[in-house]
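First the structure, in the form of structure tokens, and then the observations on it.
The values are calculated or read from the model by the stated rules, or taken from the named source; none is laboratory data. All figures in this text were calculated on a predicted structure; none of them were measured in a lab. Quick reminder, even Gly has a Cβ in these numbers, built from the backbone with ideal geometry, and neighbours come from all protein chains shown.
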Number of protein chains: 2
Amino acid sequence: MIVRGPKTASAGGDERRIVCPMRLYDYAGSANAYKVRLLLRQLDVRYELVPIDIFRGEGQTPDFLKKNPLGQVPVLELDDGRCIAQSNAILWHLARGTSFLPADPFAESKALEWLFFEQYEVEPTLGSARYWLLTGRASPRKDELARRLEAGRRALRVMDRALEDRTFFVGGRYSIADIALYAYTHIAGDAGVDLASHQNLAAWFARVEAQPGFEPGPAPYGAAAHVPPA
Amino acid sequence: MIVRGPKTASAGGDERRIVCPMRLYDYAGSANAYKVRLLLRQLDVRYELVPIDIFRGEGQTPDFLKKNPLGQVPVLELDDGRCIAQSNAILWHLARGTSFLPADPFAESKALEWLFFEQYEVEPTLGSARYWLLTGRASPRKDELARRLEAGRRALRVMDRALEDRTFFVGGRYSIADIALYAYTHIAGDAGVDLASHQNLAAWFARVEAQPGFEPGPAPYGAAAHVPPA
């Protein structure tokens, strides 16, 4: 599926030639992949969306493992075939030189600090807990689930406090730090976490959702994601 | 402790004024902190080392929580008092504009991809497993330990395969991607993982250890890190 329509090259007068756009290997239910879809939309970049049903083994084919040996989405394939994995590295690659990444070196480093915070303190805690609970994977991991939720609640408190004196996480404006942090936190209620008590977070969710080009996500997990009850 | 000696300012003729160097808040047993110590040494940067015994609550003081609300080390404090947390964000901040970070945009994004890989696939797997096993925290987490070790072994296989056709992870030269990936992998044997079967990894360990300014680390965990047997 080409998102925003195919791009026809007119350079050189050969109008039949189609320039191969960037490809995003995607799973609609992944909030990591949603981050990249959201940024591509807000950057108004044309790309080909390639759905990979990771729960039907489509991430484990020899072809896909060449793009990402971990078999995970998202993967961004550039028009020359080179690939980048890890959602926040993809955000960085796409945002470089745009208003979505602060130009000031210290602010850039702080954006990166929040991106690492997100992948360590948010995604494996609130994101994994939600995934386990919504897809039938929670019961063999009760203790670990409790630990992850505790760490996730701490992450929300840290974020809420950081938003006491700012509208966005870095540099006074919406950036990829906000996109990354929004992805798993705004749906953390699905993991039984109380979001309403964090007023700064709630106001920031609304600010993120009011950004030009915002689109909601991720989609619900597909049927193949669910495991039968033990 | 000032590492590499105090820096005396002579600008303006006021020779009594001491320029406050960067400070690194550090725990000697942390491999995340070791990454930063190693890079600072290899960059030949003068800094003040401030030991924080996170196992004696020194990360939870109001003063320290202002520097990092998570109470974790490492934290880099710049000479103007601003702080950066998250080991790999600190590496990035220090390496910007140096040979330790590739200048080519694609290579820079790949370096970032490996840094996120490290914080998601290596540190919480091999690093946490080692920490639990060495400090008496493994027994209440048997199932989770097995899952983490399985994910850690997969990370080592991915790294070993990536090294089939390259000497360092990105851009053909030693970079912060190597520093970050080295920190927890070279000591993964402490978690019972077989490193010897990964020949490319073993050769890469030797190349990292042969770099100018290399120093070994991290230190063993201190006495306060250990919990009594249940």
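Values for this structure:
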{"quantity": "Unique residue being of a type in the set (G, A, S) and under 19 Å from A:F116 (Cα atoms) when the list is A:A206, A:A180", "calculated": "A:A180"}
{"quantity": "Residue match in the range A:108-119 (condition: more than 18 Å from the chain's Cα centre (by Cα), on the phi < 0 side of the Ramachandran plot and in contact (Cβ under 8 Å) with a residue 40 or more places away in the chain)", "calculated": "yes"}
{"quantity": "Any hit, the range A:170-177, residues being part of a helix (DSSP H, G or I), out of contact with any Asp or Glu (no Cβ under 7 Å at 6 or more places or on another chain), touching a residue at least 60 places away in the same chain (Cβ under 8 Å) and not assigned by TED's automatic domain parsing to the domain that holds A:A33", "calculated": "yes"}
{"quantity": "Condition met for B:T61 (farther than 21 Å from A:F106 by Cα, in the same structural domain as B:R148 (by TED's automatic domain parsing) and at pLDDT 95 or above)", "calculated": "no"}
{"quantity": "Qualifying positions in the range B:68-79 - in contact (Cβ under 8 Å) with a residue 40 or more places away in the chain, touching a Leu at 6+ places or on another chain (Cβ under 7 Å) and at the interface with another protein chain (Cβ under 10 Å from one of its Cβ atoms)", "calculated": "B:L76"}
{"quantity": "Matching residues, the range A:47-79, being in contact with a strand residue (DSSP E or B) (Cβ under 7 Å, 6 or more places away or on another chain), more than 23 Å from A:H226 (Cβ to Cβ) and part of a loop (DSSP other than H, G, I, E, B)", "calculated": "A:N68, A:L78, A:D79"}
{"quantity": "Single residue of the range B:80-132 satisfying the filter (in a helix (DSSP H, G or I) and among the charged types (D, E, K, R)) that is nearest to the other protein chains (Cβ to nearest Cβ)", "calculated": "B:E113"}
{"quantity": "Counted residues, the range B:180-223 - those being within 27 Å of B:A138 (Cα to Cα), in contact (Cβ under 8 Å) with a residue 24 or more places away in the chain and surrounded by 13 or more Cβ atoms within 10 Å (Cβ to Cβ)", "calculated": "19"}
{"quantity": "Residue in the range B:105-124 that is among the acidic types (D, E), crowded, with 20+ Cβ neighbours inside 10 Å and within 24 Å of B:P220 (Cβ to Cβ) present", "calculated": "yes"}
{"quantity": "Lone qualifier among B:D178, B:D165, B:D190 - being modelled with pLDDT of 95 or more and within 14 Å of chain A (Cβ to nearest Cβ)", "calculated": "B:D165"}
{"quantity": "Filter result (within 30 Å of A:W132 (Cβ to Cβ) and either surrounded by 19 or more Cβ atoms within 10 Å (Cβ to Cβ) or touching a Pro at 6+ places or on another chain (Cβ under 7 Å) (or both)) within the range B:161-177", "calculated": "B:R161"}
{"quantity": "Single unsatisfied condition, B:T61 versus (1) of a type in the set (S, T, N, Q); (2) on the phi > 0 side of the Ramachandran plot; (3) more than 12 Å from every other protein chain (Cβ to nearest Cβ)", "calculated": "(2)"}
{"quantity": "Check on A:A151, in a helix (DSSP H, G or I), in the same structural domain as A:Y131 (by TED's automatic domain parsing), touching a residue at least 12 places away in the same chain (Cβ under 8 Å) and under 18 Å from A:L39 (Cβ atoms)", "calculated": "no"}
